[in-house]
Every structure is written in C-alpha cells, then in structure tokens.
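Okay, so here's the structure we're looking at.
The values are calculated or read from the model by the stated rules, or taken from the named source; none is laboratory data. Remember, it's a predicted structure, so these values are computed and weren't measured experimentally. Methodologically, a virtual Cβ is constructed for each residue, glycine included, from the backbone with ideal geometry; neighbour enumeration extends over all protein chains shown. Accessible surface is based on the protein model in full, side chains and every heavy atom, while ligands, DNA and RNA are left aside. Shrake-Rupley method; radii C 1.70, N 1.55, O 1.52, S 1.80 Å.
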Amino acid sequence: MANNEDIFKKIIAHCKEYGFIFQSSEIYDGLSAVYDYGQNGSELKNNIKKYWWDSMTRLNDNIVGIDAAIFMHPRTWEASGHVGAFNDPLIDNKDSKKRYRADVLIEEHLEKIEAKINKEVEKAAGRFGEKFDEKMFRQTNERVSGYQQKIDTTKARFVKALENNDLADVKQLIIDEEIVCPISGTKNWTDVRQFNLMFSTQLGSVSDEASTIYLRPETAQGIFVNFLNVQKTGRMKIPFGICQIGKAFRNEIVARQFIFRMREFEQMEMQFFVKPGTEMEWYNHWKEVRMRWHKSLGMGDEKYRFHDHDKLAHYANAAADIEFNLPMGFREIEGIHSRTDFDLGNHEKFSGKKIQYFDTELNKNYVPYVVETSIGVDRMFLSVISNAYTEEIVEGTGEERVVLKIPPVLAPVKLAVLPLTKKDGLPEKAREIMDKLKFDFNCQYEEKDSIGKRYRRQDAIGTPFCVTIDHQTLEDNTVTIRYRDTMQQERIPVDKLEFIMEEKVSMKKLLRTL
Ligand code: ATP
C-alpha cells in the first residue's frame, strides 16, 4: 500500500499527464507556486465555479454577484488592515537556508504530538476491545493527558505571543519545544520577522510612493467598496449578500503542496450584510449552508470537519474553517468569518464617505455587520481531484486501472462518443449523436485505438459515460453505454441517452437538493 506522500505525487503527475494542471511557464523551468489549468482542468474548474455561483445567486434572491477589478485604490488596503497587518511570521534556518512560517512550524509540531495521542488511543482500543471508553481513557491515562497538556499550554503561549506581536517569544517557543529544521535537522534559527504578503507594483509611469498599488490579496474588498453601489442600484434590503469569483495574489513564504498554497489563486467569496446583533445567527446559518453544499457532492461526509479558530484575524469576532481530508491530512478549504462592521466602518473612515444602510423597520441608519464565506477554487479543485483519484484492480482480468471518480456533475467531459471503427458510416453516426447532445453536455469524440484503450483514457479524466457506436447502431439505433465507476455496459436506445445522463450530471438536480 502506497503512503499518502506517494499518492499525492501520483495525483500531481496524473494532473499533468491528463491535461488538468501544468506548472506555469514550464519551458523556463516553471514559476514557483504558480500553475496553469489545462484543457480538462479548466472544464472542471469552471464546473466548480458554476455550481458555487448558481447555488449563491439562483437559490437566494437576496444574493447578487459582481465582478470587481483586481487593482484597487491603495487606500483600500490601508482601510482593510492589509498594509499594516497582513503578515506572516517567518523564520530561517541558518544551516539549510530554508525559510518557514513560524506558525506552521509550531502547528506541525503540535500535530506530531496529537499523532502520538492517537496512537496511544488506538493501542488501548485494541487492548480493551468493546469495553473501551475513549473519553475516559483520554482523561485518565497519564501519558495521554500529559501530551494533551503540552499541546494546550504550547498553543496558549503561541496565541498570546502572536496577539501581542511578541516575535521574540515565538522564536523562544520554537527553541523551547526543540523544533528542528526538517532539512538540516538543526535548531540554528534566525529571529522571527513579519513579512507582508501583498504583491505591489507601480501604476502609470511615475514611480513614487503614491503610485504604488497592490494586487488584491482577497476579493472581498471589491465587494465592500461597492456595497452602496449594489445596495442602491439593486434596491437590496438587509439581510442581503454580494458574491464574487476572482483572482487573488499572496506572496506566500512557504509555497508548497501543489495547488494548495499558490501565489496566484482564485477565490469564491460572499459577503452577507446583516443587522448588527444578528451576526451570530447568520454566521451559524452560513456555516451550515456551506457544509451542506460541500456534502451534496457525495465525496463522503466523513471527509469534512469544522475547525473553529482560536486566534481570530484582525477583522473577525468568530471564524471557522471547513476542512477536507486531503492526502496530507485535514486542511482548510473554506473559511466562514463574522467580520463585524470592521470593513465597512473603516472604509467610511478612510474614504470620508458615509457607508450606511437606512433600515426602514428600525427607522435608523447603521453600518451593517458582515458574515463572509470564502472558498479557494483551487483548494476545492484539489479536494475533488485527490478524492477522485483511484487505482484499482479490474475484477476478472487482474488489470490495473486508474480512474478519476469525480462527482459526475463536475466531470470535465460528460460523454465520450466512440465509433467502433473508422469506417462503414460509424464515425458519421457518432457525429450525429454528438451533435444532438453537445449543446447540453460536454462531449468528446474519439476514434483512435481499441475501445479498451479509449475507455481507459476516459477513466483517467473521469468521464462518467462512454457510448460505443457499432454496426448494430446503424440498424436499430441502439448504442452500448458504459458506466465509469462500475464499468458495467448495457445496450440502450440512442433516445434514452439524454435522459440517463441528465439523471446523473444535472446541476439543476443537485441544486434542488440544497
Ligand atoms: P491559510 O491559513 O491556509 O493561509 P487563510 O486562512 O489565510 O489560509 P483566507 O484568508 O481565509 O485563508 O482565504 C480564504 C480561502 O482562500 C481559503 O480557505 C483558501 O481556500 C483560499 N486560499 C487562501 N490562500 C490561498 C493560497 N495561497 N493558495 C490557494 N488558495 C488559498
């Protein structure tokens, strides 16, 4: 059995081989943590975006979408707090010359202790069998409670140090915990420094301080600065939401793990504006709605969990992540944040313009509170593709096949149309079938190689249906349909094809379940 790291490597190689994801500017040896989506990757990505966009804008008549520019007035980022506080604490190892995020080093260290606890629990569960009371064991076993105490005290000290911006203590914590560099194995660390994650560039031809602008590190601010525009022109009444899909840029210190942490990535964000005092209710509402959206894709409910934040961002009064079990463990895919009136309030201050809502029920003005849902398209993509990647032995033949069991509604190609041979009018018949279906479904025509090989290629890109057109098709208008996951085949009338596919790949149907 391959370990998770091997599987992750295989997934990355598979993404490249089958046109999902390429390293950016590969012919120049690539650009670190920047990726391009290929012919299949962009289809899958577009499907993810469509499912999100439609679930937001069509299922909620109080949510509308916009598309704001990437460049924004520099004052935006002062108001949002990004110029002052959008930093990560970094630390270098003097021997390996490798740079790390101090918070990540500490979190990984704590994860290792957590793993020790889990091992003890597993061992005890095996020893005690059915009588095992896990909760009791965790509380009373000395070794386990000792580990747990270590985790709790380290975490508390770390959170406090970050909150007080006490970088010397963050470093001391790394030393006290004897955390070593994974490459050099030494504890020869530099001091911890703050590093701002925003990319900057110059607007126009004059380069002075005033012309410095930033590539947006989140799409949210494009929504906040348009709050009044949308509210007034759309005659929106609170509570209402504005959503947006777009690129964001962060100069990440440690950019690894493929598309999990990129320097250029895409976000799908929704800001929901509510009456002050009702934000916790809406925060819980959106946590639940967003989790339902994820689970609706059928990738396995056990793959998801919430992680409530101990340390809150500068703008939030409550925050949770939706995490997915990726090959490297549970990781954040989406954040749900209660952002208070921080953003709109600060834009009021910095712009000198009144950004308020007149509540006709209360007969007064206020700055609305905001609940945000923010999901990374690329991380969502990674969860789908890594969950889909399956190596299996085909029953009967003993042959190995690699299949992407992508939720059919998201699959890049829905139907492969395969004439058995290149002659006798079969290609023409295949084209005729495809021409009927291509307006509703992304279809692919393939006539090269044996049917078996063509099936394998379609499995590898996750196509849920293949149909083979043979001589019988010309006589009775039936085709052989083959299902990706079960590999079962059956003969069906061509006319039934649309219905069968619609059942499985219809976004409309899935949206109805939400
Ligand atoms: P992390 O703690 O992993 O750096 P974050 O908490 O800074 O993430 P947010 O600012 O909450 O992330 O951004 C919202 C979403 O945007 C994240 O849940 C994630 O899906 C996505 N995202 C953030 N940074 C990146 C990145 N560098 N590459 C890809 N996706 C990202």
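Which whole-angstrom value gives the distance between the alpha carbon centres of the range 335-372 and the range 23-73? Using only Cα atoms to place each centre, the spacing works out to 28 Å. Residues of the range 336-355 with an amide N closer than 16 Å to a point placed 7 Å from the Cα of GLU78 along the Cα-to-Cβ direction: 346-353.
On the chain, 49 percent of the accessible area sits on carbon and sulfur atoms, based on a 1.4 Å probe.
Relative to the dominant Cα principal axis of the chain, helix 39-57 is inclined by about 60°. Across the range 241-253, rounded Karplus estimates of 3J(HN,Hα) from the backbone phi angles (6.51 cos²θ - 1.76 cosθ + 1.60, θ = phi - 60°) give x, 10, 10, 7, 10, x, 6, 9, 9, 9, 7, 4, 6 Hz, Gly and Pro being marked x. Relative to the longest principal axis of the Cα atoms of the chain, helix 342-351 runs at roughly 70 degrees. With K and R counted +1 and D and E -1, the other residues having a Cβ less than 14 Å from that of MET56 yield a net charge of -1. Rolling a 1.4 Å probe across the protein heavy atoms gives the range 11-135 an accessible surface of 55 Å² per residue.
Step through the table entries LYS10/LYS45; LYS45/LYS232; LYS49/LYS247; LYS237/LYS509; LYS45/LYS422; LYS10/LYS405, compare each Cα-Cα distance with 24 Å, and write down the pairs that go over it. LYS45/LYS232; LYS237/LYS509; LYS45/LYS422, as the Cα separations exceed 24 Å there.
Determine the shape class of the range 150-239: with a ≥ b ≥ c the square roots of the Cα gyration tensor eigenvalues, call it rounded for a/c under 1.5, and otherwise prolate if a/b is greater than b/c, oblate otherwise. Cα axes put the range 150-239 in the oblate bin. Taking all protein chains as they are arranged and a probe of 1.4 Å, the heavy atoms of TYR315 leave approximately 30 Å² accessible to solvent.
Where does the charge balance sit around ILE223 when Lys and Arg score +1, Asp and Glu -1, over other residues with C-beta under 13 Å from its C-beta? In short, -3.
For GLU490 and ASP308, what does the FRET efficiency come to when R0 = 45 Å and r is the distance between their Cβ atoms, rounded to the nearest 0.05? Write out the running numbers ahead of the final one.
Values: r = 48 Å, r/R0 = 1.07.
Result of the calculation: an efficiency of 0.40.
Its alpha carbons give the range 464-514 an Rg and a Dmax of 12.8, 43 Å. Determine which residues of the range 234-264 fall in the zone a paramagnetic label at THR201 would reach in this model, i.e. backbone nitrogen under 19 Å from the point 7 Å along Cα→Cβ. The answer is 246-252, 262-264, whose backbone nitrogens lie closer than 19 Å to the label point. Run the reach check for LYS94 against lysines, Cα to Cα strictly under 26 Å, same-chain hits fewer than 8 apart removed. What comes back? Within reach: LYS112, LYS155, LYS171, LYS187.
Hey, can you find the accessible area per residue of the range 240-318 for me, probe 1.4 Å, expressed in square angstrom? Please report the intermediate quantities before stating the final value.
Working: 3120 Å² over 79 residues.
With the other protein chains kept in place, the range 240-318 gives 40 Å² per residue.
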